[in-house]
Amino acid sequence: MALGAGRIAGASEQLPGSDDTFLMFVGEDIEVLTIASRREESASRAPAVAGVVTRKEFIESGRDTLSKVLETVPGFFMAEREWGTKPYLRGTPDSTLFLYDTVPLTSDFTKSLNSLDHDLSLAPVKRIEIIRGPGSVLWGPDAFAGIVNVVPLTGKDFAGVETGVLYGAPGDEAGFYTNLGCDGGLWDGFLSISGRRGDEDDTTFDVIRFWGDGRFPVRPSQRYGEDQPGTARYLEASGNASIGDLIVISGRVADSHNPYAMKSMEKNLSWGESLDDPMNYVKLESKLDIDRKSLLRATLLQTWLNAETRVIDREYASRESTSFAELTYDRAVGSGKNQFTGGLSYREKRIKDAIIWEGYLPKFLDPDNRFLLPVITQEDYATRLWSVFGQYSHRIGSADVWLGLRYDDHDAYKDHISYNTGASWPLSDEWIFKLIVGNAYRTPFAKQLLEGDDVDLERITSVNLQAAWEPLKQVNAKIGGFFNRIDNHIMEDTYAGLSQPNHQDIYGVELEGRLSPHATLDIYANLTLMNNAGPEETFSYVQIQFPDPDTFMDLNYPYDIGAKTLFNLTGAWRPNEKFTAYVRAGYASERDLVYLDETDPDNPAFRSFSASGFWTLDLNGTIHDVGYPGLDLELAVDNVANTRYETPGTYGLMEGPPASARITLRKTW
C-alpha cells in the first residue's frame with residue numbers, strides 16, 4: 001500500500017457542552033467517528049453498530065483499496081466482478097452509502113456504481129468510519145443497510161511531506177503519491193496527488209466488432225478475432241483548506257480508465273468493455289458557535305460524475321451533477337450529556353444521457369443473429385428533494401437513549417418518514433449493550449425511475465442487538481444479531497431488466513474478538529453467519545427468437561444474498577520499532593450464479609450454479625527507517641498460496657485473482 005503514517009496529531013474538536021470522554025488526545029488510538037450523530041464520539045457509545053479502521057491499521061495490514069479494508073469487517077462481502085467490486089452488506093447487494101468526507105460516492109445511474117478499488121486512493125485517508133444498519137435519519141435516502149465514510153487527512157493531522165512509489169506483479173503495476181500538509185495555527189491545508197497504472201485484466205476475448213452502422217450488427221464473418229482489455233489508469237488529486245471553523249473548503253478531482261473482459265457462460269462468447277466513472281466535488285463548510293452549548297453549521301456542495309462506458313466497439317457518455325445545501329443546528333442540553341441535532345437540506349440531481357438497456361447482450365452476439373441490435377436509449381431527467389431531520393440523545397444514569405426522525409419531500413416519487421431509535425446501556429465497566437430499531441429508503445436508479453409505473457422507494461426495516469465485553473485492555477469481544485425486512489425490493493438484472501416488487505427477510509449473527517497476549521502481538525477474528533427467507537424474484541423476460549416474433553414470459557430468480565458465511569483471522573506482530581508483520585486468513589462460503597438456460601427454447605428457465613467456498617491468505621511486512629529516518633519499505637503479497645477458485649461474474653463464472661505481490665517505498669519529511 002502506497003501509504004505512510006506521517007506525523008498524525010489526532011486532536012479533535014468537541015461540541016460545546018459534550019462529554020469530555022469523547023475527546024481524542026494526541027498520541028491516543030481511540031475509535032472515534034462522526035457519522036452516527038454528526039459529531040465526534042467514541043464508537044462504543046455511538047447510537048449505532050459502529051466501528052473505525054484507523055490509518056495505522058490499514059497501512060500496516062497492506063490493505064491498499066477500500067474493498068480490501070471492508071472485506072475484513074463483519075457483515076461485508078466484497079464480490080469480485082469483471083468491472084471491479086460489488087459490495088454486499090448483511091446479505092443485501094449494493095446497499096451501502098459510501099461517503100468521502102461526507103460526500104456521497106454513489107450514483108443514480110445504477111445501484112452498482114461504487115468507488116471501491118484503485119479508483120479511490122487511500123493515500124490521503126485518515127480513517128474509515130463504518131455503520132452497519134440503516135442511517136437515513138441523518139444522511140437521507142440510500143443510507144440503506146449501512147454507511148461507510150472515508151475521512152481524509154487535514155493540515156492539522158499531517159504537517160510535512162510524504163511521498164511513495166510502488167511496483168506490483170502480475171500486471172506490471174506502478175504507482176505514486178505525494179501528500180503535503182501544513183498547520184499554520186489559525187489556518188491549515190492539505191493536498192494529495194496520486195496515480196496508478198497496470199494491466200489489471202489480461203483475459204483474451206473474441207468479439208471485437210459488433211455495432212456496425214447502428215442499424216444492423218457487423219456480419220458474423222467480421223465480428224470475431226482476438227484482443228485484450230489493455231492498461232487501466234487512475235489519477236486523483238484531493239485536498240482541503242480551512243481558516244479555523246469559519247471556512248473549510250475541500251474537493252476532489254479524478255480521472256480513470258478501467259478496461260475489462262466479459263464472458264457469457266451459456267454462449268461461450270467474450271468481449272471487451274470499459275467503465276470510466278470519476279467522481280469530482282467541491283464542498284464549502286462553515287461553523288458558527290452561537291453560545292457555549294450550541295452551534296450552527298452550513299454546507300454547500302457540488303458534485304460531477306462524467307461516466308464513459310464502452311461496450312465492444314461503441315462508447316456512451318452519461319453525466320450526473322448534484323447541488324446540495326444543508327443547515328444544521330447542534331445543541332448540548334442540560335449538563336452537556338444530552339445532545340440534539342436538527343437540520344434542513346435541499347438536493348437537486350440532474351442526469352443527462354442515462355443509459356437504459358433492453359435485452360440480454362450475449363444472445364445478440366451469437367453468430368445466428370445477423371439483423372438485430374439491443375435497444376439502448378439515453379434519457380435526461382432531474383429530481384429534487386427537500387428534507388427536515390432531527391435526532392435527540394438523552395443520558396439516563398449511565399445509559400443513552402435516542403430518537404431520530406426525518407421527512408423527505410420528493411418531487412419524483414412518494415414522500416417518506418425515516419426513524420431511528422434505541423438505547424446504549426453499559427451494565428458495568430466491562431459490558432455495553434445496544435438495541436437499535438430503524439428504517440431507511442433507497443432512491444430508484446435510472447431504469448427503475450423511468451420505467452416504473454408507480455415508483456415507490458425500496459424500504460428496509462432493521463432490528464440490531466449488540467453486546468460488547470472488554471474485561472481488560474488486551475481483550476475484547478462483541479456479539480451481535482440483526483433482522484432486516486426489505487419491502488418494495490427491485491433487482492436490476494442483465495437478463496431481464498427489472499424484477500417485480502418483492503420482499504425479503506434477512507437475519508444473521510456477527511461475532512468478533514481481539515486478543516493482545518503480548519505488547520508486540522495483536523490477534524483479531526470475526527465470523528458472520530446469515531440467511532434469508534422470502535419469495536423468489538420475478539422478472540418479465542423477453543425471449544428474442546430469430547426471426548420469429550418475441551415471446552414475453554415471467555421467470556423466477558433466487559434472491560442473491562452473496563456468501564452466507566464469512567470469516568477473518570488476522571495477526572499483527574511488532575517485535576521492535578523497525579519491523580511490522582501482518583497476516584490475514586479469510587474465508588467466504590459458496591455463492592450462487594444464476595444464468596438463463598434456453599436448452600429447450602419453448603421452456604427457458606433460470607438455473608443456479610454454486611461456486612465453492614474459498615480461503616485466501618495475505619501477508620504484509622514493513623521495515624521502518626531503512627537507512628534513513630522516515631524511509632519505509634513494504635512488501636505485500638495477496639493470495640500467497642495462489643488459491644484457484646471460481647466466482648460468479650456478470651454473465652458467467654470467472655477466475656478469482658491469482659497470487660500477487662507489491663513493493664512500496666515511502667519517505668516522510
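Brief remarks on what is shown
- Inter-site label distance for D172 and W187 at 7 Å from Cα along Cβ, in nm: 4.5
- Net length available on complete extension from V333 to E348 is 2.0 nm, with 0.36 nm assigned per residue and the Cα-Cα distance removed.
- For segment 242-282, backbone nitrogen atoms closer than 16 Å to the point 7 Å from S323 Cα along Cα-to-C-beta are found at 282.
- Nitroxide proxy distance, nm - points 7 Å out along Cα→Cβ at A585 and R514: 2.2
- Surface share of carbon and sulfur [accessible, 1.4 angstrom probe, percent] for the chain: 58
- Ranking of E590, E510 by solvent-accessible surface, largest first: E590, E510 (1.4 Å probe, protein heavy atoms only, all chains present).
- Cα gyration tensor shape of segment 86-176, rounded if a/c is under 1.5, else prolate or oblate by comparing a/b with b/c: oblate
- Whether segment 185-241 is rounded, prolate or oblate, judged on the alpha carbon gyration tensor where a/c under 1.5 counts as rounded: oblate
- Residues D255 and F371, FRET efficiency given R0 of 35 Å [Cβ-Cβ distance, rounded to 0.05]: 0.35
- Taking a straight Cα-Cα cut-off under 30 Å and skipping sequence neighbours fewer than 8 places away in the same chain, the lysines within cross-link reach of K363 are K86, K111, K263, K267, K352, K447.
- With both labels modelled 7 Å from their Cα along Cα-to-Cβ, the T203 to W431 distance reads 5.1 nm.
- For the chain: relative contact order, % (alpha-carbon pairs under 8 angstrom, 6 or more apart): 12
The values are calculated or read from the model by the stated rules, or taken from the named source; none is laboratory data. Computed from a predicted model, the values in this text were never measured in an experiment. As a convention, Cβ positions derive from the backbone with ideal geometry for all residues, glycine included, and neighbour counts pool all protein chains shown. Just so you know, the surface numbers come from the protein's heavy atoms only, side chains and all, with ligands and any DNA or RNA stripped out. Shrake-Rupley method; radii C 1.70, N 1.55, O 1.52, S 1.80 Å.
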